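The values are calculated or read from the model by the stated rules, or taken from the named source; none is laboratory data. What you see is a predicted model; the values in this text were computed from it and never measured. Cβ coordinates were reconstructed from backbone atoms using ideal geometry, including for glycine residues, and neighbour counts include every protein chain displayed.
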Amino acid sequence: MTERDQRAAAFVREMIDRGVLTFGDFVLKSGRSSPYFFNLGAIADGAGLAVLGSAYAFETLALPTRPDVLFGPAYKGIPIATATAIALARDHGVEIGAAFNRKEVKDHGEGGLLVGASMAGRKVAIVDDVVTDGTAKREAFAMITEAGGEVVGVILALDRQEPAADGDQTAVRVLESIFNVPVRCVANLDDVVDYLGADPSQSGQWRRLSQYRRQIR
């Protein structure tokens, strides 16, 4: 098992233990039925955010171009950007700014839609939980560009490895082609299936997800 595979397996275990990755019968935003659900919003304490920040920090450092700023789209991207910036400074000695947007324009105080580090003339990586149809990422890209920043990568927690609604390519590959930047994911569906397959107590879930993986490919 490679170092990357070890990190992915550890991340999957943490996400299961923390109730982020759950199994059952779900209908996704895309309308597709799924035997699992990934909700990063279930992480709501310091220890969980530390795990998240460490995982995203590794992926940030693996980008071909190191960003100056991490941009977390509201709302789930906000704690991701913050936790990742902390982990980079604490564990790697790398100082990277964090920024995010408001859903509504603030008309008093500092005002505006953007909060945090300036993105003008700087390289920016978008950090978020997952990608479905890519709408939120397109909006983030537009905000960064309008603020004078250059998007150099996108980092996500999980690649579901499912075809996008409008073709055979996965949503992540579509995102890469739209932005023309690398999209890195801490883990993917293959990692989840491999982790379940290595745990005899999860044999039932392993069979369900293995079948699901065959259906979507």
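Considering only residues in the stretch 105-120 that are part of a strand (DSSP E or B) and on the phi > 0 side of the Ramachandran plot, the one that is modelled with the lowest pLDDT turns out to be 112.
The single residue among 94, 154, 124, 130 that is part of a loop (DSSP other than H, G, I, E, B) and modelled with pLDDT of 95 or more turns out to be 94.
Taken together, 190, 159 contain a single residue that is at negative phi, more than 14 Å from the chain's Cα centre (by Cα) and at pLDDT 90 or above, which is 190. Within the stretch 133-151, if we keep just the residues that are at pLDDT below 95 and of a type in the set (D, E, K, R), the residue that is nearest to residue 114 (Cα to Cα) turns out to be 139.
For the stretch 180-192, filtering for residues that are in a helix (DSSP H, G or I) and buried (at least 19 other Cβ atoms within 10 Å of the Cβ) leaves 3. Evaluate the stretch 124-131: report whether one residue or more is surrounded by fewer than 20 Cβ atoms within 10 Å (Cβ to Cβ) and over 17 Å from residue 80 (Cα atoms). So far as the stretch 124-131 goes, no, none of its residues is surrounded by fewer than 20 Cβ atoms within 10 Å (Cβ to Cβ) and over 17 Å from residue 80 (Cα atoms).
Residue by residue through the stretch 137-151, note down the ones that are outside any strand (DSSP E or B) and not aliphatic (A, V, I, L, M). Selection gives 137, 138, 139, 141, 145, 146, 148, 149. Among the candidates 157, 147, 142, the residue that is in contact with a Cys (Cβ under 8 Å, 6 or more places away or on another chain) and under 19 Å from residue 98 (Cα atoms) is uniquely 157. Only one of the listed residues (128, 191) is more than 20 Å from residue 99 (Cα to Cα) and either out of contact with any Leu (no Cβ under 6 Å at 6 or more places or on another chain) or not small (Gly, Ala, Ser) (or both). That residue is 191. Kindly evaluate residue 91 against the criterion of being over 17 Å from the mean Cα position of the chain (by Cα), more than 29 Å from residue 216 (Cβ to Cβ) and surrounded by fewer than 16 Cβ atoms within 10 Å (Cβ to Cβ). Yes; evaluated as a whole, the condition is true for this residue. Pick from the stretch 23-43 the residues that are over 15 Å from residue 185 (Cβ atoms) and under 17 Å from the mean Cα position of the chain (by Cα): which of them is surrounded by the fewest Cβ atoms within 10 Å (Cβ to Cβ)? Looking at residues that are over 15 Å from residue 185 (Cβ atoms) and under 17 Å from the mean Cα position of the chain (by Cα), I get 29. Take residue 174 and decide whether it is among the hydrophobic types (A, V, I, L, M, F, W, C) and over 23 Å from residue 22 (Cβ atoms). The answer is yes for residue 174.
When the residues of the stretch 170-197 are filtered to those that are among the hydrophobic types (A, V, I, L, M, F, W, C) and touching a residue at least 60 places away in the same chain (Cβ under 8 Å), the one that is nearest to residue 53 (Cα to Cα) is 186. Does the stretch 163-174 contain at least one residue that is assigned to a helix (DSSP H, G or I), surrounded by 13 or more Cβ atoms within 10 Å (Cβ to Cβ) and among the hydroxyl-bearing types (Ser, Thr, Tyr)? No, the stretch 163-174 contains no residue that is assigned to a helix (DSSP H, G or I), surrounded by 13 or more Cβ atoms within 10 Å (Cβ to Cβ) and among the hydroxyl-bearing types (Ser, Thr, Tyr).
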